[in-house]
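The values are calculated or read from the model by the stated rules, or taken from the named source; none is laboratory data. What you are looking at is a predicted structure, and each value in this text was computed from that prediction instead of being measured. Note that each Cβ is placed from the backbone with ideal geometry, even for glycine, and that neighbours are counted across all protein chains shown.
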Amino acid sequence: MDRKSITYKVLNRMRTVLMEHTVMWLHIIGHLPCHHTRRFFYRLSGMQIGVGSSIHTGLTLYYPLGIKIGRDTIIGERCVLDGRPPLKINNHVDIASEVMIYNSQHDINDAKFKAKSKPVTIDDYVFIGPRAIILPGVTIGKGAVVGAGAVVTKDVAPFAIVG
C-alpha cells in the first residue's frame with residue numbers, strides 16, 4: 001500500500017468515528033422529554049426545522065446537515081431520517097411512528113458492495129403511515145398517502161394512495 005491510500009483510509013476511518021459519535025449524541029437527545037429542547041439541539045446540529053414543526057421522541061438521524069423540514073410538520077416516534085444526500089420534507093407533512101427514510105443503500109450489483117446515494121423529497125400535505133420505509137431517490141408528490149408498512153421504491157404521484 002502506498003502512503004496516499006493509507007492516509008485516505010485513516011482519514012476515512014476518523015470521519016466515520018466522528019459521525020458515529022454525532023449519531024450517538026443525537027440519539028440521546030432524541031429521548032429528552034421536551035419538544036422545544038429536542039428541536040433546539042437538532043437545529044444546533046445543522047438540521048433546518050420550520051416553525052410549528054414537532055419531532056417526537058426516539059428519532060435516529062444520519063447527517064442532520066442534509067435534512068430540511070418545513071413548517072407545521074410532524075415526525076412521529078422512533079423514526080429514522082437520513083440526510084447524507086439531501087432529505088427535504090416540505091410543509092404540513094405527517095410522518096407516523098417508526099417510519100424509516102433512507103438516502104443511501106448498498107449496490108448489490110457492485111463487487112465491492114459500495115454505497116449508492118440519492119436524495120429524497122416529500123412534498124406538502126403528505127401522510128406517511130406507521131412503519132413505512134422510503135428508499136433512496138424517491139419523491140412523494142403533494143397530498144399523497146403512503147400506507148402503513150409500505151416499502152416505497154419509486155416516486156409517488158401527487159394525491160396518490162400507495163401501500
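Taking only pairs six or more apart or across chains, which ones have beta-carbon atoms under 7 Å, a first residue in segment 4-33 that is touching a residue at least 12 places away in the same chain (Cβ under 8 Å), and a second residue that is among the aliphatic types (A, V, I, L, M) and not in a loop (DSSP other than H, G, I, E, B)?
23/61; 26/61
Determine the pairs where a residue that is free of Cβ contacts under 8 Å to residues at least 60 places away in the same chain, located within segment 49-73, has a partner that is of a type in the set (Asp, Glu) and in a strand (DSSP E or B) with Cβ atoms under 7 Å apart, the partner being 6 or more residues away or on another chain.
Every condition considered, the pairs that remain are 62/82.
Which residue, of 26, 59, is touching a Cys at 6+ places or on another chain (Cβ under 6 Å) and either within 25 Å of residue 143 (Cβ to Cβ) or surrounded by 15 or more Cβ atoms within 10 Å (Cβ to Cβ) (or both)?
From the options 26, 59, the qualifying one is 59.
Just the residues that are in a strand (DSSP E or B) and either farther than 13 Å from residue 137 by Cα or in contact with a Lys or Arg (Cβ under 6 Å, 6 or more places away or on another chain) (or both), please, taken from segment 81-106.
81, 88, 89, 94, 95, 100, 104, 106
Restricted to segment 13-60, and to residues that are modelled with pLDDT under 95 and β-branched (Val, Ile, Thr), which residue is nearest to residue 100 (Cα to Cα)?
Looking at residues that are modelled with pLDDT under 95 and β-branched (Val, Ile, Thr), I get 60.
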